[in-house]
Amino acid sequence: MSKLYNQPVQVRTDGETLTAFFWRGRWLLAERCERVYQRRDMIDPYYGLPTFRVKATSGGLYDLVRAREGWVLERVWD
């Protein structure tokens with residue numbers, strides 16, 4: 001199960017690798033980050049943009065989209 005947020009977040013990278021993101025007043029460190037898919041549905045607001053699934057060191061699982069105007073935390077998985 002997941003919850004949709006679609007909230008802008010600040011992201012830190014080490015070259016091409018996402019290392020951390022800022023959400024709800026704190027930096028969450030990425031334990032693992034992988035590109036999961038690129039949006040294909042034209043009615044999707046993030047159509048054509050890459051999505052990354054990030055496992056944080058705190059244990060959470062998050063989907064982040066590299067949007068045109070910056071990064072967006074789209075979804076948090078339970």
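Annotation for LEU4 and TRP27: the two label points, set 7 Å from Cα along the Cα-Cβ direction, are 3.2 nm apart. Across the chain, C-alpha contacts under 8 Å between residues 6 or more apart give a mean separation that, scaled by the residue count, equals a relative contact order of 32 percent. The residues of the chain present an accessible area of 65 Å² per residue when probed at 1.4 Å with all protein chains retained. Overall, the accessible surface of the chain at a probe of 1.4 angstrom is composed of carbon and sulfur to the extent of 48 percent. Sparse packing (at most 15 other Cβ atoms within 10 Å of the Cβ) combined with a DSSP loop state is found for the following chymotrypsin sites (Phe, Trp or Tyr not before Pro) in the chain: TYR47.
Give me the log10 of I(q) over I(0) for the chain at q = 0.14 Å⁻¹, as the Debye formula computes it from C-alpha points; what are the numbers? Ignoring solvent entirely, the Cα scatterers give -0.40.
Annotation note: GluC sites (Glu not before Pro) in the chain located in DSSP loop regions with a Cβ neighbour count of at most 14 within 10 Å are GLU16, GLU69. Among the trypsin sites (Lys or Arg not before Pro) found in the range 1-46, those both in a DSSP coil and sparsely packed, with 16 or fewer other Cβ atoms within 10 Å of their Cβ, are ARG24, ARG39, ARG40. Each Lys and Arg adds +1 at its Cβ and each Asp and Glu adds -1 at its Cβ; summed about the Cα centre, the chain shows a dipole of about 100 debye.
The values are calculated or read from the model by the stated rules, or taken from the named source; none is laboratory data. Note that this is a predicted model, so its numbers are computed, not measured. Note: ideal-geometry Cβ built from the backbone for every residue, glycine included; neighbour counts use all protein chains shown. Ligands, DNA and RNA are stripped out before the accessible areas are found, and what is left, the full protein with its side chains, is counted by its heavy atoms. Shrake-Rupley method; radii C 1.70, N 1.55, O 1.52, S 1.80 Å.
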